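Reading through the structure tokens given below for one structure.
The values are calculated or read from the model by the stated rules, or taken from the named source; none is laboratory data. In this text the structure is predicted, and so the values were computed from the model without any measurement. Note that we place each Cβ from the backbone using ideal geometry, even for glycine, and neighbour counts take in every protein chain shown. Side chains are part of the model used for accessible areas, which takes the heavy atoms of the whole protein and leaves out ligands, DNA and RNA. Shrake-Rupley method; radii C 1.70, N 1.55, O 1.52, S 1.80 Å.
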Amino acid sequence: MDYLELIPKPAAGGVNQGIHAPSAGFLEQLLGMPRDSFTGDCQPPNNPTFKKLIATKNVGPFKATGLIPALDSLTAVFTDVKAAAPDLYALLTSNGMLCCRFRHIGGKNVPPPSSHSWGTAIDFLLDGKIDIQGDNKVFRGLGILAKFFNAHQWIWGAAFPTEDSMHFEVSQELLLKWKDSGTFSP
């Protein structure tokens, strides 16, 4: 299968059913601000309380730095991907997870902070290649990967108003589940 084949982005309502992307305000309320100021450049968190919620871990095909329960969830997703689609799993690399910055939309830096700022989002490359944001096309492999992520309550960015198919993030519902279970305590 050609995982790098560009196909049309999925129809509205075709992915992320029953789950929602958390807003920056929701993430701030739940986890606090990761740092005191933001730019378009990637910066580390500087809030000491928030930094206790972050770790670096081998999640399967690579190491990632992010919110601890998000890393555990990524590991579970990749266990499923490796079992069902080992050839796709072998192509996966990351373009980053924890990166305190404003959102990048259409080549511009736009407030509020990106969900990457809280280590709850990750961008993927397939075979070292980036899927271009906003062209309304997705790599076939990312569409397959989305099914695994949606099953674990992660949002796929292909459904965003400006398609961002390399982007996956923890849903608001999963964050609330972690909060209710005491998985983290900011």
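If you check residue 110 against the conditions, is it at pLDDT below 95 and out of contact with any Pro (no Cβ under 8 Å at 6 or more places or on another chain)? Quick ask: steps written out before the conclusion?
Details: at pLDDT below 95: yes; out of contact with any Pro (no Cβ under 8 Å at 6 or more places or on another chain): yes.
So residue 110 fits the description; yes.
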Filtering region 13-55 down to residues that are open to solvent by 40 Å² or more (accessible area, probe 1.4 Å), within 19 Å of residue 170 (Cα to Cα) and among the small types (Gly, Ala, Ser) yields 13, 14, 18, 21, 23, 25
Say whether the condition of being open to solvent by less than 50 Å² (accessible area, probe 1.4 Å) and free of Cβ contacts under 8 Å to residues at least 60 places away in the same chain is met by at least one residue in region 148-165. yes
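Specify the residue that is farthest from the chain's Cα centre (by Cα); the eligible residues are those in region 135-145 that are surrounded by 15 or more Cβ atoms within 10 Å (Cβ to Cβ) and more than 18 Å from residue 86 (Cβ to Cβ). Explain how you work it out, then say what you get.
Of all residues in region 135-145, those surrounded by 15 or more Cβ atoms within 10 Å (Cβ to Cβ) come to 137-145.
Okay, now just the ones that are also more than 18 Å from residue 86 (Cβ to Cβ), so 137-138.
Working: 137: 18, 138: 16 Å.
Checking each candidate, the answer is 137.
Got a sec? Which helices (runs of 4 or more DSSP H) wholly within region 1-107 have at least 1 residues that are within 14 Å of the chain's Cα centre (by Cα) and within 18 Å of residue 124 (Cβ to Cβ)?
On the way: elements: 24-31, 48-51, 68-84, 86-89.
Per the criteria, 68-84.
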Taking interchain pairs and intrachain pairs at least six residues apart, which have beta carbon atoms under 8 angstrom, with the first residue in region 24-35 and among the basic types (Lys, Arg) and the second in a loop (DSSP other than H, G, I, E, B)? 35/44; 35/45; 35/46; 35/47
Which numbered condition residue 131 fails, given (1) over 14 Å from the mean Cα position of the chain (by Cα); (2) acidic (Asp, Glu); (3) open to solvent by 10 Å² or more (accessible area, probe 1.4 Å): (3)
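Somewhere in region 108-121, is a residue open to solvent by 10 Å² or more (accessible area, probe 1.4 Å), assigned to a helix (DSSP H, G or I) and free of Cβ contacts under 8 Å to residues at least 40 places away in the same chain?
Start the filter on region 108-121 by keeping residues that are open to solvent by 10 Å² or more (accessible area, probe 1.4 Å), which leaves 108-113, 115.
Subsequent filtering for residues that are assigned to a helix (DSSP H, G or I) retains 115.
If we keep only those that are free of Cβ contacts under 8 Å to residues at least 40 places away in the same chain as well, we get none.
No, region 108-121 contains no residue that is open to solvent by 10 Å² or more (accessible area, probe 1.4 Å), assigned to a helix (DSSP H, G or I) and free of Cβ contacts under 8 Å to residues at least 40 places away in the same chain.
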Evaluate region 153-168: report whether one residue or more is among the charged types (D, E, K, R) and in a loop (DSSP other than H, G, I, E, B). yes
I'd like to check something: does region 40-57 contain any residue that is aliphatic (A, V, I, L, M), within 22 Å of residue 139 (Cα to Cα) and without any contact (Cβ under 8 Å) to a residue 40 or more places away in the chain? no
Tally up the residues in region 69-121 that are of a type in the set (A, V, I, L, M) and touching a strand residue (DSSP E or B) at 6+ places or on another chain (Cβ under 9 Å), please. 12
